[in-house]
1. Check which residues have an amide H placed less than 5 Å from GLU64's amide H, if you skip close sequence neighbours.
2. Pairs LYS139/LYS288; LYS144/LYS180; LYS214/LYS246: which exceed 28 Å Cα-Cα?
3. Please list SER233, SER58 from largest to smallest accessible area, probe radius 1.4 Å, with all protein chains kept in place.
4. Can you list the residues, at least 5 places off or on another chain, whose amide H is less than 5 Å from the amide H of LYS325, using H built in the peptide plane?
5. Please list 96-102, 193-199 highest first by mean number of surrounding beta-carbon atoms within 10 Å per residue.
6. LEU222 accessible area, nearest 10 Å², 1.4 Å probe?
7. With a 1.4 Å probe and all protein chains kept in place, how do TRP79, TRP54 rank by accessible area, largest first?
8. Tell me, what % of the accessible area of the stretch 71-148 is carbon and sulfur with a 1.4 angstrom probe?
Amino acid sequence: MVTMEGKRNSISKNYLNNKQRPNWSDLPYDLLERIAVRLSLRELLSFRSACKQWRLASSKASGEIHASDETNSSEVVVWLLLYGNDPNCRLYDISCDKMYTIDFPELYGANCIASNGGWLLLYRNGGSMFFFCPFSRAKIDLPKFSHDDEEELMLMSHIIATFSSAPTYPDCIVCVVGTKIISTHHQSSLELNVLRRGASEWVKYKYDKSENLKNVFTYAVLCDDEILYLLDSKLLVLIFSLQDEKWLVRFIIPDDVIPDPSRVVGTIPFQSKREECTDQLKQKLGLKESDSLTTCGTTIQGSDSLTCIHNQDIQGDDEDEFSHKKGVWIQPRFFQLPANQTWSL
């Protein structure tokens with residue numbers, strides 16, 4: 001039983017609580033900006049959904065976070081995005097062992113050929129190529145290949161790509177490498193297509209000695225000095241200088257081999273990493289043992305080093321009963337672009 005006095009006290013207390021309850025949307029704008037840039041991607045997406053004021057204040061935040069912020073590691077966080085022939089995608093956050101389901105209709109019918117800094121480079125049959133940031137849905141279309149180059153590229157049985165920096169940077173360079181393989185251990189041709197930020201046409205380079213290449217290239221890295229490195233599934237590195245327009249062939253010396261002291265030994269300016277998709281990971285992704293999986297690697301810019309995760313092609317156990325899935329390693333980033341953002345400068 002509540003007395004009249006009790007009701008009066010209760011009403012007064014509720015009125016006081018409501019009167020003192022802060023309006024979070026009225027927080028100072030500069031304070032909201034400082035908060036937003038310190039959030040991980042998951043936190044940033046929740047932050048942006050709170051209200052219009054918070055969403056506007058987070059326009060410069062990217063959700064960049066290192067594994068050291070959530071674990072005791074200094075590695076940059078990477079997620080595995082699984083996509084296929086429908087808009088429903090699965091996203092696996094390795095750092096916290098969580099799986100998400102999300103719709104990315106932009107990935108429907110597309111193939112991811114490069115990943116760097118949270119941006120994906122996607123290609124569709126027919127010559128359509130574009131940059132895409134899944135978490136902000138930001139998209140930048142690239143100029144199409146010429147009709148002849150498009151037909152030639154579609155005949156290529158293996159395509160890999162890389163880009164030097166974010167597509168919003170004025171010095172961004174895109175490199176697309178196509179190889180035509182006529183047998184398991186022999187490539188009949190190799191061509192490189194290059195597009196610089198602001199350019200409307202691709203520039204083509206061909207490697208005349210591609211018959212000497214015996215293995216499929218599994219990753220490409222373009223460094224700051226405009227030198228392109230193509231790494232194969234073994235130890236070969238094919239190098240091309242965009243400035244000098246010259247090709248070089250080099251071999252990586254295994255860790256257990258002592259270099260010949262009479263020969264000059266150079267170094268590559270990045271770390272090469274092959275992220276194996278184990279049976280346990282396939283199970284977490286909801287894949288069957290019979291399913292095959294092709295993953296696109298990524299370039300990771302650490303605080304003091306550059307690391308590349310190779311592409312990987314995993315065959316299923318049963319070739320008669322399998323479905324093919326596609327995946328890409330991606331760094332969780334959020335990029336908001338102005339409405340008039342294009343590839344042109």
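The values are calculated or read from the model by the stated rules, or taken from the named source; none is laboratory data. The structure presented is a predicted model; accordingly, all values stated were derived computationally and were not measured. All Cβ positions, glycine included, derive from the backbone under ideal geometry; neighbour counts span all protein chains shown. Note: areas computed on protein heavy atoms with side chains; ligands, DNA, RNA excluded. Shrake-Rupley method; radii C 1.70, N 1.55, O 1.52, S 1.80 Å.
1. Counting only residues 5 or more places away or on other chains, the set is PHE334.
2. On the way: LYS139/LYS288 32 Å; LYS144/LYS180 20 Å; LYS214/LYS246 20 Å.
Pairs exceeding 28 Å: LYS139/LYS288.
3. Details: SER233 55, SER58 0 Å².
Accessible-area ranking of SER233, SER58, largest first: SER233, SER58.
4. SER292, LEU293, THR294
5. Values: 96-102: 11.0, 193-199: 17.9.
The densest-packed peptide leads the list: 193-199, 96-102.
6. Near enough 10 Å² of accessible area.
7. On the way: TRP79 10, TRP54 50 Å².
Of TRP79, TRP54, the descending order of accessible area is TRP54, TRP79.
8. 45
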